[in-house]
1. Could you tell me which of His187, His217, Ser233 has its Cα farthest along the dipole of segment 153-239 towards the positive end, charges placed at Cβ (Lys, Arg +1; Asp, Glu -1), taken about the Cα centre?
2. Counting only heavy atoms of protein chains, what accessible area per residue, in Å², does segment 315-401 have with a probe of 1.4 Å?
3. Once you sort the root eigenvalues of the Cα gyration tensor of the chain as a ≥ b ≥ c, which label holds: rounded (a/c under 1.5), prolate (a/b larger than b/c) or oblate (the other case)?
4. With all protein chains present, how much of the accessible area of segment 201-277 (probe radius 1.4 Å) comes from carbon and sulfur, to the nearest whole percent?
5. Can you give the helix-only mean residue ellipticity at 222 nm for the chain, where every DSSP H stretch with n ≥ 4 adds -39500 (n - 2.57) and the sum goes over all residues, rounded to the nearest 500 deg cm²/dmol?
6. Can you send over the solvent-accessible area of Met74, 1.4 Å probe, protein chains only, in Å² to the nearest 10?
7. In debye, nearest 20: dipole of segment 18-181 around its Cα centre with unit charges on the Cβ of K, R (+) and D, E (-)?
8. Putting +1 on Lys and Arg Cβ atoms and -1 on Asp and Glu Cβ atoms, find which of Ser177, Ile95, Gly134 reaches farthest to the positive end of the dipole of segment 18-181.
Amino acid sequence: MVVPVPSMVEGVGEMEAVEVREYREERDRAAVEEVERECEVGSSGGGGEAKMSLFTDLLGDPLCRIRNSPAYLMLVAETATGGGGGNGREIIGLIRGCVKTVVSGSVQAGKDPIYTKVAYILGLRVSPRYRRKGVGKKLVGRMEEWFRQSGAEYSYMATEQDNEASVRLFTGRCGYSKFRTPSVLVHPVFGHALQPSRNATIRKLEPREAELLYRWHFAAVEFFPADIDVVLSKELSLGTFLAVPAGTRWESVEAFMDAPPASWAVMSVWNCMDAFRLEVRGAPRLMRAAAGATRLVDRAAPWLKIPSIPNLFAPFGLYFLYGVGGAGPASPRLVRALCRHAHNMARKGGCGVVATEVSACEPVRAGVPHWVRLGAEDLWCIKRLADGYTHGSLGDWTKAPPGRSIFVDPREF
């Protein structure tokens, strides 16, 4: 469906028709990639002092961040009289969205999850030359139409807490409310391997075992996907790992759930490196040289275990750690053992960093090693799309207090 939107463009002096339509790969890919380049995260936008920016290389696939979702759509905003090319049309904005079913709450003290159909907005981009002209709001509105047609009851989005423009657009103009504040925790991948923990035994679970364990442990956790079995079976999911105190006997996942040890932890690893690459641009020469020096020392004397800074100033990949959880007093220590294991996996895979996203009150958060300067504080905003409530016991999810944990779907990281 194409929605013509008349919009007055400042500095042009005439009415430009803006169409919001579905992305067409063969026709639009090059233009979409150009808009992505114009909208590098943290870029100065021209006319001022250069700043560091985080560039995302989608490896020629603008749909890569939503392609693995159950239902997804990408829209573009196009001017009818813009200056892009001989046909007088120019793509000036884009938005991605997906719809899935997740846990929104529970009844009977967390035993019975309440599943709700939700939509997620990501990758909203507007060319700097067309910002503050209503293009972003039109893209969001058209995407929400598709969300409603798909049966979604809520729509949510994520941005950094200090991204004032994004927060202002969604909360001030699109009707969203501030909802959750998880943290993105990032750790560099060193040149040397990390020593495995002697106090933990790590077991790789089969997808069926991982599904059973996750449905048992995350039954009442917000945003836990109903199709976790599909997530775990994706090629990008590199495995689920269970950490228990050394010497713990293993029989089966069913026996584990019937009588779990006093402490345990679990984590899955998602290969973002094969979907997209990141690159820090605009870094001062001194910073790049200092980072390079740490790598040289680490390669020359790996036995020193010096924390080297990977080359983040060239395209690098990451592994995302999802489904991070556990129980018991030693669970943070066991999560740390799992993170060391994931670090070594990422090192073998050629990644620059490992990352995860957890809630502010996540019980095992203390066990996740990370460098504060590499991470970010996120803000999730939410909006109710449906007129009524499917689950009366839940009520309006937008007003529900946060739980201790939150599940971050790796398909949309």
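The values are calculated or read from the model by the stated rules, or taken from the named source; none is laboratory data. This structure is a prediction, so every number in the text was calculated from the model and none was measured. Note: ideal-geometry Cβ built from the backbone for every residue, glycine included; neighbour counts use all protein chains shown. Quick note on the areas: whole protein, heavy atoms, side chains included, nothing else; ligands and nucleic acids left out. Shrake-Rupley method; radii C 1.70, N 1.55, O 1.52, S 1.80 Å.
1. So the residue furthest toward the plus end is His187.
2. Details: 3660 Å² over 87 residues.
On a per-residue basis, 42 Å².
3. Numbers: a/c = 2.25, a/b = 1.31, b/c = 1.71.
Oblate, since a/c reaches 1.5 and b/c is not below a/b.
4. Working: 1630 of 3280 Å².
Roughly 49 percent, rounded to a whole number.
5. One gets -6500 deg cm²/dmol as the mean residue ellipticity at 222 nm.
6. 10
7. On the way: 26 positive and 22 negative charges, 111 e Å.
Charge dipole, segment 18-181, about its Cα centre: 540 debye, nearest 20.
8. Towards the positive end, the residue furthest out is Ser177.
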